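Peer 1: Here it is: the structure, laid out below.
The values are calculated or read from the model by the stated rules, or taken from the named source; none is laboratory data. Remember, it's a predicted structure, so these values are computed and weren't measured experimentally. With ideal geometry, Cβ positions are generated from the backbone for all residues, glycine too; neighbour counts draw on all protein chains shown. Ligands, DNA and RNA are stripped out before the accessible areas are found, and what is left, the full protein with its side chains, is counted by its heavy atoms. Shrake-Rupley method; radii C 1.70, N 1.55, O 1.52, S 1.80 Å.
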Amino acid sequence: MESTLSNSPGLPRVSWLDAEPMPLVPLADEDRAYPYLAIIRRYIGGAADAGIHTEARTPAPAATPDAPITAADCLERLAEADRVFADWLGPLQRTAAEVAGVDSSRMAEALNHMHHASRRLTMCDAVLLDNVVELARVTIDEQVPGDFIETGVWRGGVTILLRAALNAFGDRSRNVWVADSFAGLPAPDPAADLREAIWHHLMGAVDGLRSDLAGVRESFAKAGLLDRRVRFLPGWFADTLPAAPIEQLALMRLDGDWYESTRVALDALYPRLSPGGFVIVDDYGLPTGCARAVDEYRAVHGIDAPLTRVDGQAVYWRKPW
Ligand SMILES: C[S@@+](CC[C@H](N)C(=O)[O-])C[C@H]1O[C@@H](n2cnc3c(N)ncnc32)[C@H](O)[C@@H]1O
């Protein structure tokens, strides 16, 4: 098989990336595992010199310009949100920006990571990716049984890294489940959660995070990582997760932004998480309803395992034995 992944300057040559099936790297051999994962991380971060062609595949909607999103664009979109949500904002005597808790210049910076013209396959930064690799390694090292899943994958970068981690740390049997609507974020009801509904409107600047399944499959394939252990669950979480043919999980990473998306994932998947497995919640610190969904779920199920902070936004906990 001809791989589109080439070796990056400065990193050891990893010619076994071309092989099918992927040769396994013994766990102890961190000299090989981490350089391999470093290449994959550069790839999913959109680095032009990662040695893989990472053109963003999702076609730009006709109305979406290629130019970066500016703070002025964000102010305009916030003013539009003031009009769209006037019926809900009026009685509160607050603006869309106040309810959403956003600052237009930071909002522009964040949105440009998600812009259709960006080559990134993940919006996660190095700290978040370190956490994914480390927890994947621990579950493999400690033989916590079960697959890995990310709910809310966008362009698939984190799930590509998880599949690579299975190779890097010598796992031969786990699957990686890739769950997304591939149609972007669902629209929250403003009557139920005005803040999320405003955020959804603001995310219109990046086409509501729409990605496409064919593009994600292609991104796996370009890294030589598309095989039968990568399992796709396209559709709304409420439709796909409860009946998904997943027996056991060792690691679940929730990145669906909203209250409902987080709650549905916890309800459907936490009972299938092995003792000793990890739940990573990317959006716990976001000004959306994600933290409420997590706190409610943990309270209802008497989960008191401590939450560990990954950065200002993400947290994880380990299911007790
Ligand atoms: C913030 S992005 C995920 C970012 C991604 N984990 C990364 O590494 O860049 C959120 C994703 O969740 C998906 N999503 C959110 N709620 C969903 C739901 N209820 N059903 C299906 N997909 C959902 C969206 O389509 C979007 O791709």
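Peer 1: Sort out which residues of the range 226-267 are open to solvent by 50 Å² or more (accessible area, probe 1.4 Å) and within 7 Å of the ligand (Cβ to nearest atom), and write them in order of number.
Peer 2: Across the range 226-267, the qualifying residues are TRP236, ALA238, GLU260.
Peer 1: Being small (Gly, Ala, Ser) and outside any loop (DSSP other than H, G, I, E, B) is the filter; apply it to the range 100-113 and report the residue that is surrounded by the most Cβ atoms within 10 Å (Cβ to Cβ).
Peer 2: ALA100
Peer 1: Does ALA214 fit the bill of being away from the ligand (no atom under 14 Å from the Cβ), under 23 Å from TYR284 (Cα atoms) and aliphatic (A, V, I, L, M)?
Peer 2: no
The rows are residues; the columns are (1) under 23 Å from PRO245 (Cα atoms); (2) without any contact (Cβ under 8 Å) to a residue 12 or more places away in the chain.
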{"residue": "MET123", "(1), (2)": "no, no"}
{"residue": "ASP130", "(1), (2)": "no, yes"}
{"residue": "GLU142", "(1), (2)": "no, no"}
{"residue": "GLY157", "(1), (2)": "yes, no"}
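Peer 1: Test GLU80 against the criterion of being open to solvent by 80 Å² or more (accessible area, probe 1.4 Å) and at negative phi, and give yes or no.
Peer 2: no
Peer 1: Taking the range 303-317 on its own, how many of its residues are under 19 Å from the mean Cα position of the chain (by Cα) and closer than 17 Å to SER274 by Cα?
Peer 2: Looking only at that region, the number is 2.
Peer 1: Give the residue, chosen from ARG155, ARG163, ARG228, ARG172, that is closer than 22 Å to LEU286 by Cβ and basic (Lys, Arg).
Peer 2: ARG155
Peer 1: Same structure again: Of all residues in the range 268-277, how many are touching a residue at least 12 places away in the same chain (Cβ under 8 Å) and either open to solvent by 10 Å² or more (accessible area, probe 1.4 Å) or not assigned by TED's automatic domain parsing to the domain that holds GLY152 (or both)?
Peer 2: Residues that pass the stated criteria total 4.
Peer 1: Moving on. Is one or more of the residues making up the range 165-174 within 16 Å of the ligand (Cβ to nearest atom) and touching a residue at least 12 places away in the same chain (Cβ under 8 Å)?
Peer 2: Among the residues of the range 165-174, at least one is within 16 Å of the ligand (Cβ to nearest atom) and touching a residue at least 12 places away in the same chain (Cβ under 8 Å), which makes the answer yes.
Peer 1: Please verify whether THR122 is in contact with a Phe, Trp or Tyr (Cβ under 9 Å, 6 or more places away or on another chain), of a type outside the set (Phe, Trp, Tyr) and in a loop (DSSP other than H, G, I, E, B), treating the condition exactly as stated.
Peer 2: yes
Conditions tested, residue by residue: (1) part of a helix (DSSP H, G or I); (2) within 16 Å of the chain's Cα centre (by Cα); (3) assigned by TED's automatic domain parsing to the domain that holds PRO234; (4) at pLDDT 95 or above.
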| residue | (1), (2), (3), (4) |
| --- | --- |
| ARG94 | no, no, no, yes |
| GLU98 | yes, no, no, no |
| VAL127 | yes, yes, yes, yes |
| GLN143 | no, no, yes, yes |
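Yes or no, residue by residue, for (1) at pLDDT 95 or above; (2) of a type in the set (Gly, Ala, Ser):
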position: SER105; (1), (2): no, yes
position: ASN112; (1), (2): no, no
position: VAL133; (1), (2): yes, no
position: GLY156; (1), (2): yes, yes
position: LEU161; (1), (2): yes, no
position: LEU166; (1), (2): yes, no
position: PHE182; (1), (2): yes, no
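Peer 1: Of these, LEU162, LEU185, which one is within 14 Å of the ligand (Cβ to nearest atom), touching a residue at least 12 places away in the same chain (Cβ under 8 Å) and over 19 Å from ILE39 (Cα atoms)?
Peer 2: LEU185
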